[in-house]
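Written below as structure tokens is the structure these notes are about.
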Amino acid sequence: MRTVFGWIALLLVAAFLALFLGLPLLTSLAAGLDRGLLGEALAHPVYRQGMANSAAIAALTTVLTMLIALPLAWLGARCRFRGKTLLEALLLAPLILPPFVGAIGVYQIFGHYGVLNTGLIRLGLRQAQLPDWLGDHRFLIVCLVEALGLYPILYLTLVTAFAKLDGSLLEAAAGLGASRLTRLRRIVLPLIRPGLFAGGILVFVWSFTELGTPLMLGYDRCMPVQIYNGLIEAERNRLPYALVVIMLVLSVSLYLVARLVFVRRSVAFAGKGAATAPALHLSGWRALAAAAPFLLVLVLALSPHVVVVLSAVAGDWYGTLLPRTWTLAHANAALSDAQVVRGIGNSLFYSAGATVLALALGMFIAWTSARWRPFGWQVLDAAAMVPLAVPGVILAFGYLGMASGIPWLRAWLDPLSNPTLLLVIAYAVRRLPQVVRSAAAGLE
């Protein structure tokens, strides 16, 4: 990578990010860079509350995600039992099930006439006239739904980190009298720090900027929803663009601070080629005990999505525990619509192209920041994280403005005549941070 080819590739990747990340952002954020608008947004009590709520959602979601992923990753890396492969495969299902899709099912579970309220009322544990659970605990439910959708990101990075722990270090520490807590604090946590950072910062920034889940659950006192609602009157009110600038600065700053705090290069005992700790082969009740946390998380994470599927084939599901009738009319109507079928095919094509492009870009950037480290690699690494800090709708506005406002780009990126290339690039750029952080964690 340190050859002429590496430098050419570095320049091409930097040019790509400048064109398809920097330019759209400048197009969308030009109005928000006004000092007066920034001051007005920071002084506005509603927007300040939105910033605080977004930070609280991100913090609580990250904590919940760590509480879910840490024990599961340890069990996944250290234990072997029958059915573990299937459980791990199901455990990663939320990666392909966006959190806001589960938010749709949450209404059927926690709504006033949903499954939970109906069951409690029938058991005499709740009065029918009381507000639903969403009204009472909407903030907590938003955090829980996001955590149950994002924990696979942290699980993947942590299970790799746990699997590569040097077992001889743990045995030596135990032989010298170190307690389990001391071994955890002085050996395990420093060694898994890159994986913990890689997954934790993705979860934090993702939940800080997540629009779909709070929007679907009606929680509008957070920055992403305020920006989305403000775009409706963007011609008369430019404050949402100022909020985007603030969100961008906060997210990138949090990422850089977290990198300085959690990823230190002084971990000298991460021994190359060290033997990993042997796996524990479990059977009987021990295997059931190890499988129980996997099953519990699967039930919690997949229940809203199962409810969405049931709602699609339910004829009448109102104030009952299960649908009264079943029907395939909704599915038949959708699949018989030519536009729906065409949309499914287009989505598969766009996602395949975006995956290839994101992998190529992300692997190169991860290698550059973790192994090569030429001059300015920190800028490239930070730039790859920027898409997490910007709501997709802002980037979309930037792409449309860029494609329509620059003549030489309009010839081959016109979203009206053929949006294929622009959509593939947009999807790849949006998912670039996940590829970079996952690959960098493995390389480190």
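Derivation of every value follows stated rules applied to the coordinates shown; laboratory data play no part. Note that the structure is a prediction, hence the values are computed from the model and not measured. Note: ideal-geometry Cβ built from the backbone for every residue, glycine included; neighbour counts use all protein chains shown.
So here's what we get for this one:
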item	result
Computed [θ] at 222 nm, helices only, for the chain once each DSSP H run of length n ≥ 4 contributes -39500 (n - 2.57)	-23000 deg cm²/dmol
Centre separation in Å (Cα based) which lies between region 416-444 and region 335-368	9
Axial C-alpha extent at least 24 Å, average Kyte-Doolittle at least 1.0 - helices from the chain (DSSP)	133-163, 189-209, 239-262, 284-312, 338-367, 420-443
Sequence-distant residues sharing a close amide H with Arg80 (under 5 Å, placed H)	Leu280, His281, Leu282
For region 35-158, size of Cβ-based charge dipole, Lys and Arg +1, Asp and Glu -1, in debye	380
Test item: Cα-centred dipole of the chain, Lys/Arg +1 and Asp/Glu -1 on Cβ, debye	1500
Separation of the Asp220 and Ala312 label points, Cα + 7 Å toward Cβ, nm	3.0
